[in-house]
Amino acid sequence: MIDALEDRLAGRFLFPIFSQCKDTWLSVHGTKWGFFKLFLLFTLLFSALGFAIVKIWPVDINHLAQTIGQLSLWHHILFDVIAALLIAPLSVGMIVFSLALLKKEKISVFHIFKPYQAIVTVGLTAVIAVLIKDAAVLAFTYASLHGLAMLAPAPQQAPSSLYIAVAQVIPYITTAILTYISLTIGWFAPLLAYRQGLQPWAAIKTSFNIVRHRWIRCFFFFLLISLFAGLLCATLIGFLWGFPLMMLSFATAYQTFFGEAA
């Protein structure tokens, strides 16, 4: 495993997009019932949770949306941190469940909650990843606004073509930054922390140093899988293939990046 990890850290591994998609699709066979049980558990859990929240604390959706829209930047960052801390163990549990089904291992659907036993390590890893993402976006936004201010036209003058071009390209660069950070550290680092017992920063460094070698291929792999799974999920019967396909894509990508024994 150590040699395999060293090879991956050096970029000596392949990530063929179409072969990866084919292997993921073939993996769906024999796992649909396991993922159907997972879907039923989520449906019951969130239905009960939603019912309890409405009964205990009646919520006006329109008022809630307005309140969220009026939150300050720091409130949004705090919300991201809390969400990462609470949701990361569940996300890790779902991928662990998917890995077990991929390897034809028997596993209880309730195993998805087991990573909450390591919520400090897993949650802290996810929180650090979120803070890195927010810091990168804020730094780029500040630099972009400063650049736009320097290019801003004088009062009563039409904006220059350069000013318009820079303003239009900023959202695309921001999206690229978010995508890069999400792929290289956000999706796999918490799972590494849980599966391999790494400390948060070590898990983030390992994830980044491996995924960065094939992050563009990884992006197009998930894009193709998402589009195909979305088409399948558009029909009720297709959901039986679409949901497992989406979940297994994370499992197969994790194995490719970090090895079968990871």
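The values are calculated or read from the model by the stated rules, or taken from the named source; none is laboratory data. These figures come from a predicted structure and were not determined experimentally. FYI the Cβ positions are ideal-geometry reconstructions off the backbone, even for glycines, and counts take in every protein chain you see. Areas reflect the complete protein model, heavy atoms only, side chains present, ligands, DNA and RNA absent. Shrake-Rupley method; radii C 1.70, N 1.55, O 1.52, S 1.80 Å.
Observations, loosely collected:
- Nearest 10 degrees, 0 to 90: helix 161-181 Cα axis against the chain principal axis: 20
- Rounded, prolate or oblate (a/c below 1.5 giving rounded, otherwise prolate when a/b exceeds b/c) for region 215-262 by Cα gyration tensor: oblate
- In this view, the solvent-accessible surface of Ser160, computed with a 1.4 Å probe and all protein chains in place, comes to about 50 Å².
- Each Lys and Arg Cβ is given +1 and each Asp and Glu Cβ -1; about its Cα centre, the chain then shows a dipole of about 520 debye.
- Using the Cβ of Leu183 as centre and a radius below 13 Å, the other residues enclosed give a net charge of +4, where K and R count +1 and D and E count -1.
- Length released on extending from Lys22 to Ser47, taking residue separation times 0.36 nm less the Cα-Cα span: 5.6 nm
- ³J(HN,Hα) computed for each position of region 122-139 - Karplus, 6.51 cos²θ - 1.76 cosθ + 1.60, integer Hz, glycine/proline x: 5, x, 5, 4, 5, 5, 4, 4, 5, 5, 4, 4, 4, 5, 5, 5, 5, 4
- Karplus-derived 3J(HN,Hα), 6.51/-1.76/1.60, for each residue of region 183-190, Hz, glycine and proline x: 6, 7, 10, x, 8, 10, 4, x
- For the chain: lysine pairs under 24 Å (alpha-carbon distance), excluding those fewer than 8 apart on one chain: 16
- The length gained on full extension between Leu236 and Tyr142, counted as 0.36 nm times the residue separation minus their Cα-Cα distance, comes to 29.3 nm.
- Solvent-accessible area of Phe220 with every protein chain in place, 1.4 Å probe, in Å² to the nearest 10: 90
- Over the chain: helical MRE at 222 nm, DSSP H runs n ≥ 4 each giving -39500 (n - 2.57), nearest 500: -25000 deg cm²/dmol
- Shown is the FRET efficiency for Asp7 and Met150, computed with R0 = 45 Å from the Cβ-Cβ distance and rounded to the nearest 0.05: 0.45.
- Sequence ranges 230-239, 188-197, ranked by mean other-Cβ count within 10 angstrom, highest first: 188-197, 230-239
- Solvent-accessible surface (1.4 angstrom probe) belonging to Lys37, in square angstrom, nearest 10: 80
- Under the criterion of Cα pairs below 8 Å and six or more residues apart, the relative contact order for region 110-251 equals 24 percent.
- Evaluating kT/(6 pi eta Rh) at 4 °C and 1.567 mPa s, with the Kirkwood radius of the chain over Cα pairs in the Stokes-Einstein relation, gives 63 µm² s⁻¹.
- Euclidean distance between Cα centres, region 100-123 to region 224-240, Å: 25
- With Cα atoms, 0 to 90° folded angle of helix 32-56 axis to the chain main axis: 50
- Relative contact order, percent, the chain [alpha-carbon distance under 8 Å, six or more residues apart]: 32
- Split the accessible area of the chain by element, probe 1.4 Å, and carbon with sulfur accounts for 71%.
- Helix axis angle, 17-27 relative to the chain longest principal axis, alpha carbon, degrees: 40
- Inter-site label distance for Leu224 and Thr174 at 7 Å from Cα along Cβ, in nm: 3.1
- Coupling constants for region 231-241 follow from the phi torsions by the Karplus curve (6.51 cos²θ - 1.76 cosθ + 1.60, θ = phi - 60°), and in residue order they are 5, 5, 6, 5, 10, 4, 5, x, 4, 5, 9 Hz; glycine and proline get x.
- The length gained by stretching the chain between Leu86 and Trp33 to full extension, at 0.36 nm per residue less their Cα-Cα distance, is 16.4 nm.
- Unit charges at the beta carbon, dipole of the chain: most positive-side option, Leu101, Ile53, Thr184: Leu101
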